[in-house]
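J.: Here it is, the structure, as structure tokens.
The values are calculated or read from the model by the stated rules, or taken from the named source; none is laboratory data. Since the model is a prediction, treat every value here as computed from it, not as a measurement. Every residue, glycine as well, gets a Cβ built from its backbone with ideal geometry; the counts of neighbours run over all protein chains shown. The protein model used for the area step is the full one, side chains on, heavy atoms only, and it has no ligands, DNA or RNA in it. Shrake-Rupley method; radii C 1.70, N 1.55, O 1.52, S 1.80 Å.
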Amino acid sequence: MVVGDRASWWALFAHAVLVQALSYGLRSSVSYEFLGLGLGGSWLGYSAAAFALPPLLLAIPSGVLVRRCGERFVLVVGALFFLLSVLLLGVGRDQALVLLLASSLIGCGVLFSVVAEQAWVMKKAAKHRLDFTFGMYTFATSGGQMLGPLMLMLPAYAAFEHGVFAEARSLGGVSLVLSLLLVAFSAVIRSEKTQVNAQVNAHGDPASVTRSTGLLRQRGIISALFVSSVVLTSLDLVIVYVPLLADELGLPVAAASALLVVRGAVTMLSRLLLSVFTARVGRRAALMIGCLFAGVGLACFAVVPVVWLLMIAIAVYGLAAGVVQPLTMSWMTLVTTPEQRPVAAALRLVGNRVGQTTLPLAASFLAGFGGATMVFALMATLLTCSAVTARQAPNDR
């Protein structure tokens, strides 16, 4: 059964919540599984790279698939990747290579799900309500990002004694149920293949690699990709390295979970207020302010080893990063045509995956020398640089 457009919006938002809840919950649990096996910060970097590398190769093909088969088909493919990762973790979570493979499957699930979600929203959003629409969509994703870490508070995951986890049957059961729900929501969302006009067809398939390369030459595209990549990679590394930071400081699993929940909660708040903020200061200023304060928040993580100060720092970071991410979607939408937007969504994911592949490898090297604080210092520096890059964003109010 396929539902109508209005119900599809609600199904799409529910889908976005489930995708992020599964991603954040499973990836944080994988980090703790590595620590439980006695493996250090370098392996967390490898895990983050494993999450990003296979999807890097599949990002453009996923945009092609959205155009040819419609968003619903790609959403189902993404949901099945999540289901496969949950089943794999259920049988081999005590093996490092299985954990790396599960990270890759989670990354593929996020890729196909998010490309299809964003292409759907780009297609359906009214141009005069872009910031509001993307704000509500990313509000839903933030809800999932807040709920995901709560999975670490399940009873079976509360036992972290002498570096070894008890079997996480509760987490596995919840993840399995959420994965099956994700498949169900994917199947009912109304979608259609992208219609392309004759003039575009005369110049080739807009979803081809050639057209994607041409898109990079348009003004503002590379800058938007850089800002988007840095912000999303910083979110990724926060998920992966907050557990390591908590472990280095001798904090319980609940403290790491609380930090990630606070990040998700304030990000939700920022997205509710996004359209008001951009109307007051303009999109460009909002992007620059958001990047700058996100960098300040992570810089505090590198120098403040006190729990309540870390709570304030992650709140500042979450509030600021929450402003930036949806605005990069608006930015990409404003500088592309409707025919280009499925590819633009995929290209944005390519840029994100480049950052999510290369920066975690650098992070794994730094973590081997200076622990989690060096990773946060690196991302704080890059976020500050992205504040300058954001000067190229469209500034309509």
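This table checks each residue for (1) surrounded by fewer than 23 Cβ atoms within 10 Å (Cβ to Cβ); (2) of a type in the set (A, V, I, L, M, F, W, C); (3) modelled with pLDDT of 70 or more; (4) farther than 14 Å from residue 15 by Cβ.
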position: 92; (1), (2), (3), (4): yes, no, yes, yes
position: 98; (1), (2), (3), (4): yes, yes, yes, yes
position: 121; (1), (2), (3), (4): no, yes, yes, no
position: 143; (1), (2), (3), (4): yes, no, yes, no
position: 148; (1), (2), (3), (4): no, no, yes, yes
position: 162; (1), (2), (3), (4): yes, no, no, yes
position: 169; (1), (2), (3), (4): yes, no, no, yes
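J.: Evaluate segment 369-381: report whether one residue or more is out of contact with any Pro (no Cβ under 7 Å at 6 or more places or on another chain), closer than 16 Å to residue 226 by Cβ, crowded, with 24+ Cβ neighbours inside 10 Å and modelled with pLDDT of 75 or more.
T.: yes
J.: Only one of (1) in contact with a Lys or Arg (Cβ under 9 Å, 6 or more places away or on another chain); (2) buried (at least 19 other Cβ atoms within 10 Å of the Cβ) fails for residue 334. Which number is that?
T.: Just one mismatch for residue 334, condition (2).
J.: Filter segment 27-42 for residues that are open to solvent by 10 Å² or more (accessible area, probe 1.4 Å) and either more than 20 Å from residue 355 (Cβ to Cβ) or basic (Lys, Arg) (or both) and give the result.
T.: 27, 33, 35, 36, 37, 38, 39, 40
Yes or no, residue by residue, for (1) over 23 Å from residue 36 (Cα atoms); (2) open to solvent by 40 Å² or more (accessible area, probe 1.4 Å); (3) in contact with an Asp or Glu (Cβ under 7 Å, 6 or more places away or on another chain):
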{"residue": "254", "(1), (2), (3)": "no, yes, no"}
{"residue": "269", "(1), (2), (3)": "yes, yes, no"}
{"residue": "274", "(1), (2), (3)": "yes, no, yes"}
{"residue": "295", "(1), (2), (3)": "yes, no, no"}
{"residue": "298", "(1), (2), (3)": "yes, no, no"}
{"residue": "305", "(1), (2), (3)": "no, yes, no"}
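J.: Have a look at 362, 387 and point out the one that is modelled with pLDDT under 80 and under 18 Å from residue 231 (Cβ atoms). Outline the logic, then answer.
T.: Values: 387 fails: modelled with pLDDT under 80.
Sole residue among the options that is modelled with pLDDT under 80 and under 18 Å from residue 231 (Cβ atoms): 362.
J.: Among the residues of segment 9-26, what is the count of those that are open to solvent by 10 Å² or more (accessible area, probe 1.4 Å) and not aliphatic (A, V, I, L, M)?
T.: Counting residues in segment 9-26 that are open to solvent by 10 Å² or more (accessible area, probe 1.4 Å) and not aliphatic (A, V, I, L, M) gives 5.
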